[in-house]
Amino acid sequence: MNTFQSIVIAIIEGITEFLPISSTAHMKFANPFLGVHSDPFVDLFEIVIQLAAIASVVFVYYKKFFDFKKLDFYFKLIVAVIPALIFGALLKKHIDAALGNLWVIATVMLVGGIILLFIDKIFTIDESASQEMSYKKSFIVGCFQVLSILFPGLSRSAATIIGGMSQKLTKKTAAEFSFFLAVPTMLAASAKSSLDVYKDSPQVFTSSNLSLLLIGGLVAFLVALLSVKFFINFIQKRGFALFGWYRILLGLTIMVCLYTKII
């Protein structure tokens, strides 16, 4: 991976991280076109820049995220992240295999798009209602997050937002909790991935690779700052259908590219 490739992938990550279109799928789809081949460093890079993009949530929502008068907020995040930690550890081999299969990711992208076409009709919620997360709702949202781990390409944000809406949360409340939940989730994933790579392939931690991580992380963070606010405003006004059509189109396009061996 060179500097240009790292910047392009980081821009893709920053744009797609908070949208229900799967940032992981977009990076996996972009890699063949950019000439990037999977290896321990590339896999680590993709996870670390996701954490950097998600760090933008802390910056944008710092008043809510660092409100230490409401400690139950942090306990609810812990409750919500537990299912992902358990299943992520137990099913690591399945997850790694699925992440390496573009047919699987494209199929999940397509099916997820079809689901998004109907979400606004399935869950009709008063967007002006004031709501609070309960521990039960937090745990259920966390269980929905597991689906995005089991099925790469589903989109973590899509899964958790739909999980929140299934609990009668407004789109705004569900989306914001989804963003907050991403922080401990990706922090744990980045730490685990870094440790694994350090144990198995310590040679990848060169100064040039660390520079790429820094550049990619900074770019992903800055781009994500713009996309996070855009997404909240968009789904409140327009809903999820447009994202559904986009997923369907992209999923079919990638399938055609795979079938014709373009990638």
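Comparing mean-square fluctuations of 216, 35, 251 from a GNM of the chain with C-alpha springs under 10 Å, the top value falls on 35. Put in order of Cβ neighbour count within 10 Å, fewest first, the listed residues 103, 245 become 103, 245. Per-residue Cβ neighbour counts within 10 Å put 198, 61 in the sequence 198, 61, beginning with the fewest.
Across the stretch 63-74, coupling constants 3J(HN,Hα) worked out from phi with the 6.51/-1.76/1.60 Karplus curve, θ = phi - 60°, read 5, 6, 6, 10, 8, 6, 6, 10, 5, 5, 4, 6 Hz, and Gly and Pro carry x.
Model label points for residue 30 and residue 93, set 7 angstrom from Cα along the Cα-to-Cβ axis, are 3.2 nm apart.
The phi-based Karplus calculation (6.51 cos²θ - 1.76 cosθ + 1.60; θ = phi - 60°) puts the 3J(HN,Hα) values of the stretch 194-199 at 4, 5, 4, 5, 5, 6 Hz, whole numbers, x for Gly and Pro. Quick check on my link table: of 69/172; 70/121; 171/229; 199/261; 136/192; 70/192, which ones sit more than 25 Å apart, alpha carbon to alpha carbon? Beyond 25 Å: 70/121; 199/261; 136/192; 70/192.
Treating the beta-carbon of each Lys and Arg as +1 and of each Asp and Glu as -1, no other charges, what is the dipole magnitude of the chain about its Cα centre, to the nearest 20 debye? Numbers along the way, then the final one.
Values: 22 positive and 15 negative charges, 122 e Å.
That gives a dipole near 580 debye.
Each of 160, 260 was scored by other Cβ atoms within 10 Å of its Cβ. Listed from fewest to most, they are 260, 160.
Residue by residue, the stretch 246-258 carries 3J(HN,Hα) couplings of 4, 4, 4, 4, 5, x, 5, 4, 5, 4, 5, 5, 5 Hz when phi is fed to the Karplus relation 6.51 cos²θ - 1.76 cosθ + 1.60 (θ = phi - 60°); x denotes Gly or Pro. FRET efficiency for the pair residue 192 and residue 69, taken as 1/(1 + (r/R0)^6) with r the Cβ-Cβ distance and R0 = 25 Å, rounds to 0.20. You can think of it this way: the chain between residue 3 and residue 253 has 87.3 nm of extra reach, that is 0.36 nm per residue less the Cα-Cα gap.
Take the Cα of residue 260, step 7 Å toward its Cβ, do the same at residue 215, and the gap between the two points is 3.2 nm.
With 0.36 nm allotted per residue and the present C-alpha distance subtracted, the residue 208-residue 58 stretch has 51.2 nm of extension available.
The calculated FRET efficiency for residue 200 paired with residue 136, based on their beta-carbon distance and R0 = 45 Å, is about 0.70.
Throughout, read-outs are computed from the coordinates displayed, never taken from laboratory work. No experiment lies behind these values; they were computed from the predicted model shown. Because the Cβ atoms are built from the backbone with ideal geometry, glycine has one as well, and the counts that use them run over all protein chains shown.
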